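Below is one structure, written out as structure tokens; comments come after it.
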Amino acid sequence: MNPMLGSKQSPPHRGPAPGDSETAFPPLTGLSPTQTSRDARSQDDAQGSTRERVTDAPSDPVLTDAVTQLGRFLAHLSFERDDPADVGRALAVLVDGGLDRLPLPGKGRTLDRWRLLATVAEHDLGLVKLFEGHTDALAILAELHAPTPPAGSRWGVWAAEAPDLRLRLERREGEGADPDEVVLSGTKTWCAGAASLTHALVTCRDSADRPRLVAVALDQPGVRISTRNWHAVGMAATASADVHFEHVTAHLIGGPGAYLSRPGFWHGGGGIAACWFGAAQMLARTLHGAAREKRDGHRSAHLGAVDVTLDGAAAVLRETAAWIDRTPRADPIRPVLRARLHVEQAASAVLERACRSLGAGPMCRNEAFAHCVADLPVFLRQSHAEHDLAALGDLLAQQEQDNLGWKL
């Protein structure tokens, strides 16, 4: 057993096993959020911090619907949305409570997975950025048949490739060396939540310049986290850092190119679209609440347009999730890329209409709405805009018209 991911000394994470299509989201029996949040604050408390951070979130073992259960849990999970450390502690509460045990994509419950991601996104985009990365890492480890990660570990997936900064690996030499154990050196950019995580899946290059994926524990002496270049306003709480690795032990996950070549890469991309959709839901619900309080012709028109937009986006996500579950090994690029672009356009439209209809009031006096308005434009830039549209167009141009699928 790889000690970085789990061992007899570190009990395994209670996530779904590879291939598990059963419910991976049991009732929260036995969870004590009071104790969990206290544990999440213990390090700060030991350093003399007296500020209240993550507060109690009650469990309800009677609930059977996972989305409702998660939504109610989040409604009682209080944290400072603009504080990276507090958002990290909120992630720890979710992980320690077993709320990261999402169904694996392509196993028959992809839509359930996306609904849960959307639920967290509707609550807070900074939190879902870390939560989605963590749950994506668990799915990647399962898909590539890696050892089970340790209980309570919090993961990120850091795959951005800066042209002027390359992360390199070297194999350990000597008799008896673990063939999967490597030494990592260099810098990785765009490392969301780095200071709040225990482990990361990181893309890098081997001596033959082939793309590789490694798992790395972040508590090693050679890991240095810097937020010197992070000046974001939207998504500020993700504290996406530059992480410098100096002769750090890591472990290979999968073969060369495995990270990008697996179907789950695009399945995960659909999960990002579900997060965008959840944020749009939050904005739409605020607009709907205002329309019920005070009828206004223009506001009603905006609400009607938002209904049309979100209904279409939801239909595309449902259809795409069903396609993934029917054909989990098929090339998912076109359907997932199309879904992402559809939801991106929908979320952008809802953002504009909600702000035009509601004015500056909720942007200044409604904390959740204000954060969503600031965060969503930044989060949406995980889409590559016209580059993605062009990529979809190129795929279509290679098809015969009878294969385009433009049929009822």
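The values are calculated or read from the model by the stated rules, or taken from the named source; none is laboratory data. Just so you know, these numbers come straight off a predicted model, no measurement behind them. Cβ coordinates were reconstructed from backbone atoms using ideal geometry, including for glycine residues, and neighbour counts include every protein chain displayed.
Only one of the numbered conditions (1) within 25 Å of VAL87 (Cα to Cα); (2) of a type outside the set (Phe, Trp, Tyr); (3) in contact with a Leu (Cβ under 7 Å, 6 or more places away or on another chain) is violated by LEU380, and that is (3). Being assigned to a loop (DSSP other than H, G, I, E, B), touching an Asp or Glu at 6+ places or on another chain (Cβ under 9 Å) and within 20 Å of ILE225 (Cβ to Cβ) is the requirement here; does LEU184 meet it? So LEU184 fails the test. Please tell me if LEU358 is of a type in the set (A, V, I, L, M, F, W, C) and exposed (fewer than 11 other Cβ atoms within 10 Å of the Cβ). Against the criterion (of a type in the set (A, V, I, L, M, F, W, C) and exposed (fewer than 11 other Cβ atoms within 10 Å of the Cβ)), LEU358 does not qualify.
Pairs linking a residue in region 369-388 that is buried (at least 21 other Cβ atoms within 10 Å of the Cβ) and of a type in the set (D, E, K, R) to a residue that is at pLDDT 95 or above and not in a helix (DSSP H, G or I), with Cβ atoms under 6 Å and 6 or more positions apart or on different chains, are ASP375/GLY234; ASP375/MET235. For ARG329, only one of the following conditions fails: (1) over 19 Å from the mean Cα position of the chain (by Cα); (2) closer than 23 Å to ALA237 by Cβ. What is its number? Against the list (1) over 19 Å from the mean Cα position of the chain (by Cα); (2) closer than 23 Å to ALA237 by Cβ, ARG329 comes up short only on (2).
Would you mention how many residues in region 189-203 are part of a strand (DSSP E or B), of a type outside the set (A, V, I, L, M) and either touching a helix residue (DSSP H, G or I) at 6+ places or on another chain (Cβ under 9 Å) or surrounded by fewer than 24 Cβ atoms within 10 Å (Cβ to Cβ) (or both)? Break it down into steps so the answer makes sense when it comes.
If we filter region 189-203 for residues that are part of a strand (DSSP E or B), which is where we start, we get 189-191, 199-203.
Next, only the ones that are of a type outside the set (A, V, I, L, M) stay: 189-191, 199, 203.
With the extra rule that they be either touching a helix residue (DSSP H, G or I) at 6+ places or on another chain (Cβ under 9 Å) or surrounded by fewer than 24 Cβ atoms within 10 Å (Cβ to Cβ) (or both), the set shrinks to 189-190, 199, 203.
Total meeting the criteria: 4.
Scanning region 371-408 for residues that are acidic (Asp, Glu) and over 15 Å from ALA347 (Cβ atoms) gives GLU386, ASP394, GLU400, ASP402.
A single entry from SER226, SER240 fulfils the requirement of being closer than 25 Å to ALA90 by Cβ and touching an Asp or Glu at 6+ places or on another chain (Cβ under 7 Å): SER226.
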